[in-house]
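Reviewing the structure listed below.
The values are calculated or read from the model by the stated rules, or taken from the named source; none is laboratory data. Quick caveat, the model's predicted, so the values are computed rather than measured. Here the Cβ positions follow ideal geometry from the backbone for every residue, glycine too, while neighbour counts run over all protein chains shown. What goes into the accessible areas is simple: the full protein's heavy atoms, side chains included, and nothing from ligands, DNA or RNA. Shrake-Rupley method; radii C 1.70, N 1.55, O 1.52, S 1.80 Å.
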Amino acid sequence: MLTLAVLAQIAEAAAPVLFAKAGACLGAGIATIGAGLGIGKIGGSAMEAIGRQPEAAGDVRSNMILAAALVEGVALLSVVGCLLVIL
């Protein structure tokens, strides 16, 4: 039967690992939220630019897709890095 002292030692040893995993989850969430905000800002600015100059829609759209892909790539890399801490 486990005594209270043994349980306290187990909890003390596991605390840094639990804090690391909680921090990794928090980091993954923040990275995802940041990517969503960034892509939303890119899309909104692109729609505003197309509304002001409809003849430049093709150039604006291609630049928007490139910027969104870069933001998504950085977000994916940070989420994978955070999730590697959990494993």
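Scan region 72-83 and give yes if some residue there is farther than 30 Å from Leu18 by Cα and open to solvent by 40 Å² or more (accessible area, probe 1.4 Å), otherwise no. Checked against the condition, which is being farther than 30 Å from Leu18 by Cα and open to solvent by 40 Å² or more (accessible area, probe 1.4 Å), region 72-83 yields no hits at all. Within region 47-67, being under 20 Å from Ala35 (Cβ atoms), open to solvent by 80 Å² or more (accessible area, probe 1.4 Å) and not basic (Lys, Arg) holds for Met47, Asn63, Ile65, Leu66. Assess whether Ala20 counts as being out of contact with any His (no Cβ under 9 Å at 6 or more places or on another chain), at pLDDT below 85 and not polar (S, T, N, Q). So Ala20 fits the description; yes.
Selection within region 31-46: residues that are open to solvent by 100 Å² or more (accessible area, probe 1.4 Å) and not charged (D, E, K, R). The member of this set that is nearest to Ala75 (Cα to Cα) is Ile33. Is it the case that region 15-25 has a residue that's surrounded by 11 or more Cβ atoms within 10 Å (Cβ to Cβ), touching an Asp or Glu at 6+ places or on another chain (Cβ under 9 Å) and in contact (Cβ under 8 Å) with a residue 24 or more places away in the chain? For region 15-25, residues surrounded by 11 or more Cβ atoms within 10 Å (Cβ to Cβ), touching an Asp or Glu at 6+ places or on another chain (Cβ under 9 Å) and in contact (Cβ under 8 Å) with a residue 24 or more places away in the chain: absent.
Of the residues making up region 33-56, not one is in contact (Cβ under 8 Å) with a residue 40 or more places away in the chain and out of contact with any Ser or Thr (no Cβ under 9 Å at 6 or more places or on another chain).
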